[in-house]
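One structure is given here, and the rest of the page talks about it.
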Amino acid sequence: MDNLDLPMDKKDILKELDLIHANDLKYCDGRILGSMCTEPHPFAKEVYIKFLDTNLGDPGLFKGTKFLENEAIKIMGKLLNLDDAYGNIVTGGTEANLMAIRAAKNYAKIYKGITDGEIIMPKSAHFSFKKAADMMNLKIIEAQLDDNYKIDVESVRNGISDKTIAIIAIAGTTELGLIDPIDELSKIAFDNDIYFHVDAAFGGFSIPFLKESGYDLPDFDFKLDGVCSITVDPHKMGLAPIPAGSIIFREKKYLDVMAIESPYLTVKNQSTIVGTRMGASSAATYAILKYFGKEGYINLADKLMKNTFYLKDNLEKIGYNVIVEPELNIIAFNHPSKSPEKLSEELKNINGWMVSVSNCPKAIRIVLMNHISKSHLTEFLKDLKKLF
Ligand code: 0PR
């Protein structure tokens, strides 16, 4: 298997690949219960393959695909209340967050002379910000959470110093799907002239649609003056194939402060972290945005919230404790006496359920993505009843 001696026949290779691929779980089996990724829409997959060989690292060669990237960013910008958006389709939330922090760091260095910066972020922030701080030599000031697991505004205020280069808040936390008090933080950041980044990798593709269909959710986007950039991932709730994240900036100056000269390319500088990068993700994201439209995403977000509340109500009927009232399509719950690790193991053994265990608070965490149907949930609840 692991040698290159003989060229193999395509048929034999495919047979081998099928055997190996059979070890992977499939979204359609409904067993993947802790993933923010899901089965991409078939149309988005079709488009992705069409654009496989395009490289946005050298956009002058692929002007059509570069246009699609800009259009996709503008469409998502509008969705987030920004008329003229700048940014990139990147590999995912991690790369988008790295770009936001890099923009904040360079901006603070150029315009404020800060060279040993600090970032203030909640305990609930995704670990990608720790990677950013590590790579860019920044100090993390961890803001506390309040009793409802949202960032404590006072703790952010107390963390501000003359070295603060960015404040980070989350719209759809990784573990509980909660939305931080972004309007209050936006004011604080604006008044103190500090870069403010909102990580809506998960929530960015559902909050605007849920608000539009009448759910009572807070403002979180460019409508708030202090928000400088937003991460939103097409490969999570957007139904685009992996890899597809996006970083959206309020102003072009944030891309400009990251520009590195690229003398021998068709463009003279690059602001992205990677060089050679997939154009297929931009084309697939553009295609699924256009194909689904507002109506498609409203229906999707609403259906997933209904599934979330179906699961919540039935968990409580059996006797499980739901940790917080869900704001988005994530539920965290506990058995009154069994540890989440033990319950997770039992769920795997009884019927192959792959849940995840959250860290803060410790709980079983379910992300109700599009591949989990009502009948999967009914089956899951039956097993949970047996294990109670
Ligand atoms: N920001 C937030 C709020 C996130 O939840 C995540 C990922 C990221 C940024 C980073 O995004 P990328 O993973 O695209 O770089 N949250 C999940 C996590 O890391 C992603 C995930 C997806 C986990 C599928 C498991 C899984 O099977 O926990």
Q. So, in the range 39-49, of the ones that are touching a helix residue (DSSP H, G or I) at 6+ places or on another chain (Cβ under 9 Å) and surrounded by fewer than 19 Cβ atoms within 10 Å (Cβ to Cβ), which residue ends up nearest to residue 296 (Cα to Cα)?
A. 43
Q) Considering only residues of the range 145-180 that are away from the ligand (no atom under 11 Å from the Cβ) and of a type in the set (Ser, Thr, Tyr), which is surrounded by the fewest Cβ atoms within 10 Å (Cβ to Cβ)? A) 161
Q.
Here's a check for you: in the range 52-103, which residue that is among the small types (Gly, Ala, Ser) and assigned to a loop (DSSP other than H, G, I, E, B) is nearest to the ligand (Cβ to nearest atom)?
A. 92
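Return yes or no: is residue 114 more than 15 Å from the ligand (Cβ to nearest atom) and assigned to a helix (DSSP H, G or I)?
Spelling it out, it is not the case that residue 114 is more than 15 Å from the ligand (Cβ to nearest atom) and assigned to a helix (DSSP H, G or I).
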Q | Odd one out for residue 149, checked against (1) touching a Phe, Trp or Tyr at 6+ places or on another chain (Cβ under 9 Å); (2) assigned to a loop (DSSP other than H, G, I, E, B); (3) within 19 Å of residue 181 (Cβ to Cβ) | A | (1)
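Yes or no, residue by residue, for (1) surrounded by fewer than 23 Cβ atoms within 10 Å (Cβ to Cβ); (2) away from the ligand (no atom under 12 Å from the Cβ); (3) over 21 Å from the mean Cα position of the chain (by Cα); (4) in the same structural domain as residue 132 (by TED's automatic domain parsing):
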| site | (1), (2), (3), (4) |
| --- | --- |
| 183 | yes, yes, no, yes |
| 188 | yes, yes, yes, yes |
| 192 | yes, yes, yes, yes |
| 199 | no, no, no, yes |
| 202 | no, no, no, yes |
| 216 | yes, yes, yes, yes |
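The values are calculated or read from the model by the stated rules, or taken from the named source; none is laboratory data. On a predicted model such as this, the values are computed, not experimentally measured, just so you know. Note that we place each Cβ from the backbone using ideal geometry, even for glycine, and neighbour counts take in every protein chain shown.
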